[in-house]
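Report on the following structure.
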Amino acid sequence: MSALRHTKLLAAWAACWSLASLAVAQVEHCPPCCEHDFQWFEPVALDLDCQPDTPDCGLFFHYDKLYWAIGGEQSLLGDSNMYQDIITPYVLQQTGNGTIVIPDPDDPAGDPTIGPQAGEEVIINVAMVGPSIRDAGPRAEFGWGDRYELGFGDREGGWMMGILDGPDQTQSFTFGDYTGVEETLAGGGLGVPSIYPGAPNVLINPLGGVFIPFQDSEGRMFGWLDLLEQSNLQGQGTAEGPVANGVIGGDGTADDLDHDFQYGPDGFDTEEPGGEPDVVATLPPDFDDLYHLPTTAQFVDIRSHTQLDGIEIQRFHNLRNDHHMAKHQNNQLRLMYGVRYMRLRDQYDVSTLGGTLMNSFWYTQIDNNLVGPQIGLSWFHQKQKFRFELNSRFMAAYNIGDWNQDGGLFTAATGGTTYNKPLNANPFFFAHSQQTEGFSPLAELRAQLSYQVTTAISARLGYTGTYIGNIHRSSTSIRYSLDGMGFKEGTAENIFINGLNFGVDVVY
């Protein structure tokens, strides 16, 4: 026998010995429940106690489709502490003391004049209003998500890892006046149609119909008003007049708010009949005609997005009573402990068009990163093929908040003398970020009912409710200020997340 043949036999013998040793090692270290007959769809057999004869150890996989709603506190669009006089199309002219002048009733055919020397003085109560949008989202609407749980266990206990993906909650809102309506009596496309057939359009506010109160410590919102056609005090206009299109837009001359016959930067009225400037002087403008304009928009578009995800790793121990020599021992307790991470991302984007804010936008995002130890307790009750589970968990979470905001104000401002627009508003952009830390306790309750379809597969339907404290939401954390926006302090709130889940369990 050649040396080469001896070498081959020796190598083959060594390989067989290695494989046999490995097989023995695997058998010796294999847990009692590591074998599987791969009968995935074998019908469920009931024992003498009418309990399902199913695997109680091995690998397991749980999947749930989630349909949850994320609640929270009501959100106002703007600074809730700011109130302001609002000029509407129905208050055509006002002075510093809140009065207007109408034509002398003794000479109704005469031309109306603006000034204290003629006419009857009428007091107008100017409305004091706060934010016009008091529910600006996000609202507690339902969204879809997924939950996965994978682990290994036996009758005594085991390990489990859970992954949460969602739910995602996306909402959008639009507020403001409407345009583009054709074939109407007044304006041929401008204004809001009246509810009465054949009636003119409802007038649109030239300053913008959506009031978003801002802090204005630097006086950016002072500007000249041009709401009135000076030759027609009642403001109804004619077919060719400036208000015949359903929008009160004035006559191209600043309104004389203090009744001194000087029309802002546009000159003096020295000739009869009065009502419009006829002398353009080189003197400084009449700054008494400046008005602190409200921060308004013609249209506001709001988009919010809230996303929840996380991961958890837990060790669990089972406490059973079905080993007792008695019937109906079908209850089980499970003690769990481990670590968990959860992230709640909240985005809130606002864009405005028209009005005195002249195309502004601000986008805010806050990530609440919760991490900490978690404990839990579950109770199971088996009734033939049905299994009821009540599961509670608590996490002492450390919340690291990542805040980001960027945007721009008055991006359509062009400078120069512009009526019904702020004089001191120039386009500028901003970006802010910060990090916060705090304690956010989390409590979760699950109630689930499953049905054993086959030996290895069961279907499940349940409810999940989660309470999280000390959470920051983007919509309630915005500082509305014309000096560059930013974040408000002390805006933490508590949220409640709840909804249905349905899925399957597989045991291998």
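The values are calculated or read from the model by the stated rules, or taken from the named source; none is laboratory data. This is a predicted model, so every value here is computed, not measured. Neighbour counts run over all protein chains shown; Cβ positions are idealised from the backbone, glycine included.
Report, ordered by the first and then the second residue, all pairs with beta carbons closer than 9 Å, sequence separation of six or more or different chains, a first member in the range 379-403 that is free of Cβ contacts under 8 Å to residues at least 40 places away in the same chain, and a second member that is charged (D, E, K, R) and surrounded by 16 or more Cβ atoms within 10 Å (Cβ to Cβ).
Within 9 Å, the pairs are Ile400/Asp367; Asp402/Asp367.
Tally the residues that are within 20 Å of Gly354 (Cβ to Cβ), modelled with pLDDT of 80 or more and in a loop (DSSP other than H, G, I, E, B), restricting the search to the range 217-253.
Selection size over the range 217-253: 4.
Here's the yes/no breakdown for (1) among the hydroxyl-bearing types (Ser, Thr, Tyr); (2) at pLDDT below 65; (3) assigned to a loop (DSSP other than H, G, I, E, B); (4) in contact with a strand residue (DSSP E or B) (Cβ under 8 Å, 6 or more places away or on another chain):
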| site | (1), (2), (3), (4) |
| --- | --- |
| Asp49 | no, yes, yes, no |
| Phe61 | no, no, no, yes |
| Asp79 | no, no, yes, yes |
| Thr88 | yes, yes, yes, no |
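Just for the range 321-334: of the residues that are surrounded by 15 or more Cβ atoms within 10 Å (Cβ to Cβ) and touching a Phe, Trp or Tyr at 6+ places or on another chain (Cβ under 7 Å), which one is modelled with the highest pLDDT?
Step by step, filter the range 321-334, then rank; the result is Arg334.
Answer with yes or no whether Tyr467 is of a type in the set (Phe, Trp, Tyr) and free of Cβ contacts under 8 Å to residues at least 40 places away in the same chain.
The answer is yes for Tyr467.
Suppose the filter is within 30 Å of Met358 (Cβ to Cβ), at pLDDT 90 or above and either surrounded by fewer than 18 Cβ atoms within 10 Å (Cβ to Cβ) or among the charged types (D, E, K, R) (or both); does Asp483 pass it?
So Asp483 does not fit the description; no.
Are any residues in the range 408-437 over 22 Å from the mean Cα position of the chain (by Cα), modelled with pLDDT of 85 or more, in a strand (DSSP E or B) and surrounded by 13 or more Cβ atoms within 10 Å (Cβ to Cβ), and if so, which ones?
Phe428
If you check Arg387 against the conditions, is it more than 22 Å from Leu319 (Cα to Cα) and basic (Lys, Arg)?
It is false that Arg387 is more than 22 Å from Leu319 (Cα to Cα) and basic (Lys, Arg).
Where in the range 282-391 are there strands (runs of 3 or more DSSP E), lying wholly inside it, with at least 2 residues that are closer than 27 Å to Ile497 by Cα and among the small types (Gly, Ala, Ser)?
Hits in the range 282-391: 299-320, 361-383.
Can you spot a residue in the range 449-459 that is outside any strand (DSSP E or B), of a type outside the set (Ser, Thr, Tyr) and either within 22 Å of the chain's Cα centre (by Cα) or at pLDDT below 95 (or both)?
For the range 449-459, residues outside any strand (DSSP E or B), of a type outside the set (Ser, Thr, Tyr) and either within 22 Å of the chain's Cα centre (by Cα) or at pLDDT below 95 (or both): present.
I'd like to verify a number: residues in the range 305-321 that are closer than 30 Å to Asp349 by Cβ and among the aliphatic types (A, V, I, L, M), how many?
2
Please find, within the range 285-316, the residue that is farthest from the chain's Cα centre (by Cα) out of those that are at pLDDT 95 or above and surrounded by fewer than 17 Cβ atoms within 10 Å (Cβ to Cβ).
Arg315
Residue under question is Ile478, and the condition is that it be within 18 Å of the chain's Cα centre (by Cα), closer than 27 Å to Gly219 by Cα and buried (at least 18 other Cβ atoms within 10 Å of the Cβ); does it hold?
Yes.
Looking only at residues in the range 470-508 that are β-branched (Val, Ile, Thr) and in contact with an Asp or Glu (Cβ under 7 Å, 6 or more places away or on another chain), which one is farthest from Leu308 (Cα to Cα)?
Out of the qualifying residues, it is Thr476.
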